[in-house]
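Student: So that we are looking at the same thing, I have put the structure below in structure tokens.
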Amino acid sequence: MLRIRILCFVLILMLSFSFTLLASSCSNPNNDNTAATHTITASTDTDGSISPSGAVIVDDGDNKSFTVTPDTGYRIADVLVDGVSVGIVNSYAFSDVTANHTIQASFRSTSWSSMTSGTTERLRSIWGSSSSDVFAVGGSGTILHYDGTAWSEMSSGTTEHLYNVWGSSSSDVYTVGVSGTILHYNGTDWSAMSSGTTAAFLKCVWGNSSSDVFAVGYDGTILHL
């Protein structure tokens, strides 16, 4: 009889414990062992690949590395992480991931390609403030501008040969040439500047800022603005 009572008591305790666990589980449906995960979306443009790619699932707090590989004849142009450039890198690692992220790679050709200049004049110098704001100068007062899409000729106001071009910004550009020619671009038009000489053959122009510019040429000529 004693043994039966003990067994009944033990059974009651076990049932009570089971019901307690069930009640706790029902009142806390989110209380489970499922780890949080995050998605890193990896993509590229054409001409290369990233591995792994697509929607990559990462457990909360884990690390994840990606490898960027250009196709033959191409190089990495840039890698963006969450829309911000991290430079020209062939690999990138996310550490302690606690949120969703994106990584995107772009590529450029390693081969030179011909562009249409629209002129047959000899071009002697080139300078730009960006890849969509480039100036080229040359014979007979030729000045060309590239806007990121195509080259177009600008009115220089001179037929003198131009030999060099430099600027401190897209609205502060100088070009120099024969007969002491110095032209300045203010972002809208080119205009002639007085160099103080018409004999000097000016070959190069450079500056530290818009108010500290040098020009040099034949016969020891050095000019300063």
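The values are calculated or read from the model by the stated rules, or taken from the named source; none is laboratory data. These figures come from a predicted structure and were not determined experimentally. Neighbour counts are summed over all protein chains in view; Cβ atoms, including those assigned to glycine, are modelled from backbone coordinates with ideal geometry.
Student: Looking at region 201-225 only, could you name the residues that are in a strand (DSSP E or B) and within 11 Å of S168 (Cα to Cα)? Please lay out each step first, then the result.
Tutor: Kept after step one, since they are in a strand (DSSP E or B), are these residues of region 201-225: 202-209, 212-217, 222-224.
Result: W206, G207, N208, S209, D212, V213.
Here's the yes/no breakdown for (1) touching a His at 6+ places or on another chain (Cβ under 9 Å); (2) part of a strand (DSSP E or B); (3) of a type in the set (D, E, K, R); (4) at pLDDT 95 or above:
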| site | (1), (2), (3), (4) |
| --- | --- |
| W112 | no, no, no, no |
| M115 | no, no, no, yes |
| T119 | no, no, no, yes |
| S129 | no, yes, no, yes |
| E160 | no, no, yes, yes |
| G167 | no, yes, no, yes |
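Student: Do you know which of the residues in region 178-225 that are in contact with a strand residue (DSSP E or B) (Cβ under 9 Å, 6 or more places away or on another chain) and on the phi > 0 side of the Ramachandran plot is surrounded by the most Cβ atoms within 10 Å (Cβ to Cβ)?
Tutor: So the residue we want is G180.
Student: A follow-up question, please. For region 94-110, which positions are of a type in the set (A, V, I, L, M) and either assigned to a strand (DSSP E or B) or farther than 30 Å from T39 by Cβ (or both)?
Tutor: Matches in region 94-110: I103, A105.
Student: Determine, yes or no, whether S65 is surrounded by fewer than 11 Cβ atoms within 10 Å (Cβ to Cβ) and not assigned by TED's automatic domain parsing to the domain that holds T175.
Tutor: So S65 does not fit the description; no.
Student: If you don't mind, there's one more thing I want to ask. Please count how many residues of region 148-158 are surrounded by 15 or more Cβ atoms within 10 Å (Cβ to Cβ) and either of a type in the set (G, A, S) or assigned to a loop (DSSP other than H, G, I, E, B) (or both).
Tutor: Residues flagged as surrounded by 15 or more Cβ atoms within 10 Å (Cβ to Cβ) and either of a type in the set (G, A, S) or assigned to a loop (DSSP other than H, G, I, E, B) (or both) within region 148-158 amount to 2.
Student: Within region 41-95, track down each residue that is in contact with a Gly (Cβ under 8 Å, 6 or more places away or on another chain) and among the aliphatic types (A, V, I, L, M).
Tutor: Result: A42, V68, I76, V79.
Student: For residues in region 90-122 being hydrophobic (A, V, I, L, M, F, W, C) and crowded, with 16+ Cβ neighbours inside 10 Å, which is nearest to E153 (Cα to Cα)?
Tutor: Step one: filter region 90-122 for residues hydrophobic (A, V, I, L, M, F, W, C), giving 93-94, 97, 99, 103, 105, 107, 112, 115.
Add one more test, that the residue is crowded, with 16+ Cβ neighbours inside 10 Å, and what stays is 94, 97, 103, 105, 107.
Numbers: F94: 48, V97: 52, I103: 40, A105: 35, F107: 30 Å.
Top of the filtered list is F107.
Student: Can I ask one more? If we scan region 137-147, do we find a residue that is of a type outside the set (A, V, I, L, M, F, W, C), part of a strand (DSSP E or B), within 29 Å of the chain's Cα centre (by Cα) and not assigned by TED's automatic domain parsing to the domain that holds V89?
Tutor: Step one: of region 137-147, the residues of a type outside the set (A, V, I, L, M, F, W, C) are 138-142, 145-147.
Pick out the ones that are also part of a strand (DSSP E or B) and you get 138, 145-146.
Remaining after also requiring within 29 Å of the chain's Cα centre (by Cα): 145-146.
When the remaining residues are screened for being not assigned by TED's automatic domain parsing to the domain that holds V89, the result is 145-146.
Yes, region 137-147 contains a residue that is of a type outside the set (A, V, I, L, M, F, W, C), part of a strand (DSSP E or B), within 29 Å of the chain's Cα centre (by Cα) and not assigned by TED's automatic domain parsing to the domain that holds V89.
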